[in-house]
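Some notes on the structure that comes next.
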Amino acid sequence: MATKPPVDRNLFDEVMVPNYAPAKMIPVKGEGSRVWDQDGKEYIDFAGGIAVSALGHTHPALVAALTEQAQKIWHLSNVLTNEPALRLANLLVAHTFADKVFFANSGAEVNEAAFKLARKYAYDKVGAEKNEIISFYNSFHGRTLFTVSVGGQPKYTEGYAPVPGGIKHATFNDLASAEALFSEKTCAVVVEPIQGEGGVIAGDPEFLKGLRRLCDQHDALLVFDEIQSGVGRSGALYAYMQAGVVPDILTSAKSLGGGFPIGAMLTTAKIAESFGVGSHGSTYGGNPLACRVAEALLEELFNSKVMDNVPTKSARIKQGLAAINERYDLFKEIRGAGLLIGAEMAEPYRGRASEIVAQAAQLGLMILVAGPNVLRFAPSLIISDKDIDEGLVLLDRAVQQFSAAGR
Ligand SMILES: *Cc1c(COP(=O)(O)O)cnc(C)c1O
C-alpha cells in the first residue's frame, strides 16, 4: 500500500500537472465571504472563486438543494431527462430572451456548443462556406482548442497548432475594426459584453449595438459570452439587459452553479433547430445535482433583493478603492460593472498587480488579477458591508506594504 504523505502544498508539486501555480495556503472551509485554511487562518473573500461563488460559500439554500437532491438521484445521462434540468431550463427561458437551453459542465463547453451551433446554423441555412467567426483581442472564451482559438490571447494557443481556422480578431470597443472583417462568410460574432480576463473592460453600449446591426446586415449570429458577467454580477440577470442589445446565443457558467460545475447555452427556437438529435451532446451535461443547485441559486436571486443591492455594494467597494488610491496613488483607473471590478495599476507599477494579490493573501484577503496590470474583485453578490469594509482595510494595508517596499 502507498504511504500517505502530508496533504500540503508540496504534494501539489509532486502529484499534480504543473499547469497551475496555486498559493501556499490550502482552504478547508468557507462560510459566506469568509474562508479558513488548514491552519485556521481566516480570509475575507473578494475573489469569489473567480466570479463563481455568487452567494458566497456554503449558502444554506444551496446546501439544502444539493443535499436534498443527493438523497434522490445523482446521474441519469441524456438518454433520460430529469426534473431539476427541466425546471432550470424553464426558469432561464422565463427570465431571458431565450426559448431553448443546452446544458454542459463548464464555460468552455457551452462556448464550444455555441460556436458549433453558430457554424451549423449557417451551414444549414446558407452552406459550408459561411463559417467565419469574428471575435476580439484580449477576449477569453475557455481552454478547449476551439474556444482558445476564438479567444483573443495568442499566448494561450502557442504550442497547440494546428488550431481551428476561420477565426478573425478585431479590437474590442472599436466597431470599425470589426466592420472591416465582416463578409458574406461571417457566421457569428462572439463578444463578452464585459471583458473579464482581459482586464475588466465594459463593452460600450454603442459598440454592442453596432455589432447587433452588423450581424443583422450580414445574416450572422451575435453570441454573448456572459460566463463571467452573468447571473446577477452586473446588477442585472445578464449584462445584455443593461446594454439594451439582445444576442442570438448567450453562454452562462461560473456564477450559475455558485460553485457547483454547470454551464448553459441559451438561444432561440429557430437557431436551436440546427442542433437536431445526435448533433451535439455531453454525458454529464444537465446533471440533476448541478441543475438543482443552479435552480436554487436563481430562485434566491429572484426572490430576494440580491440584484437590487449589487449597485450599492459595487459603489462601496469602488469608493474604498478610490480612497486607497488617494493615499497611495497606485491606480490609473477603477472600473467595471456591478460586482466585477477592476483597478488598473498606474504606469510606474505596470505588471505588478500580482505582488499586491500575494501581499493581500498574507494579510488574510483573497483578491484576483485580470492580466498583469489589473487587480480584479469578484466577491459574492451578498457580501456584507462589514466584510467589504474589513476587506478594504486589509487591502489598504497590503497596498501600504507594497508601496513601502517597492517604490
Ligand atoms: C471563465 C470564462 C470562460 C471559461 O469557463 P470555464 O468554466 O473555465 O471553462 C469562458 N468565457 C469567459 C468570459 C470566462 O470568464
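Derivation of every value follows stated rules applied to the coordinates shown; laboratory data play no part. Computed from a predicted structure; not experimentally measured. Virtual Cβ from ideal backbone geometry, glycine too; neighbours counted across all protein chains shown.
Numbers below:
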read-out	value
Contact order relative to length of the range 73-303, as percent, for alpha carbon pairs under 8 angstrom and 6 or more apart	29 percent
Beta bridges by DSSP in the range 73-303, antiparallel share as percent, to the nearest 5	45 percent
Protection proxy ranking of 192-204, 360-372 - average other beta-carbon atoms within 10 Å, highest first	192-204, 360-372
Antiparallel DSSP beta bridges within the chain, percent to nearest 5	65 percent
Burial ranking of peptide ranges 394-400, 59-65 (average Cβ count within 10 Å, highest at the top)	394-400, 59-65
Karplus (6.51, -1.76, 1.60) ³J(HN,Hα), θ = phi - 60°, over the range 245-250, in Hz, Gly and Pro reported as x	10, 9, x, 8, 9, 10
Amide H within-cut-off set for residue 333, under 5 Å, with H built and near neighbours excluded	344
Per-pair calculated FRET efficiency, R0 = 35 Å: residue 268 and residue 176 via Cβ, rounded to 0.05	0.80
Among the listed pairs 116/313; 72/313; 116/155; 4/155; 100/313, those beyond 27 Å (Cα-Cα)	116/313; 72/313; 4/155; 100/313
For the range 73-303: Kirkwood Rh in Å [reciprocal of mean 1/r, alpha carbons]	17.6 Å
Hz values of 3J(HN,Hα) by residue in the range 319-329 - Karplus curve (6.51, -1.76, 1.60), Gly and Pro given as x	5, x, 5, 5, 5, 4, 5, 5, 7, 10, 6
Square roots of 5 times each gyration tensor eigenvalue, C-alpha, the range 149-235, largest first, Å	20, 19, 11
Amide H within-cut-off set for residue 99, under 5 Å, with H built and near neighbours excluded	267, 268, 269
Burial order of peptide ranges 93-100, 232-239, 214-221, 159-166 (average beta-carbon count within 10 Å, highest first)	232-239, 214-221, 93-100, 159-166
Gaussian network model of the chain, springs between alpha carbon atoms under 10 Å - residue of 337, 264, 23 with greatest fluctuation	23
Mean Cα-pair separation over length for the chain, i.e. relative contact order, pairs under 8 Å, 6 or more apart, %	21 percent
q = 0.08, 0.09, 0.12, 0.13 Å⁻¹: log10 I(q)/I(0) that the Debye formula gives for the chain, counting C-alpha atoms only	-0.44, -0.56, -1.00, -1.16
Long-range amide H partners of residue 194 with built H, under 5 Å	203
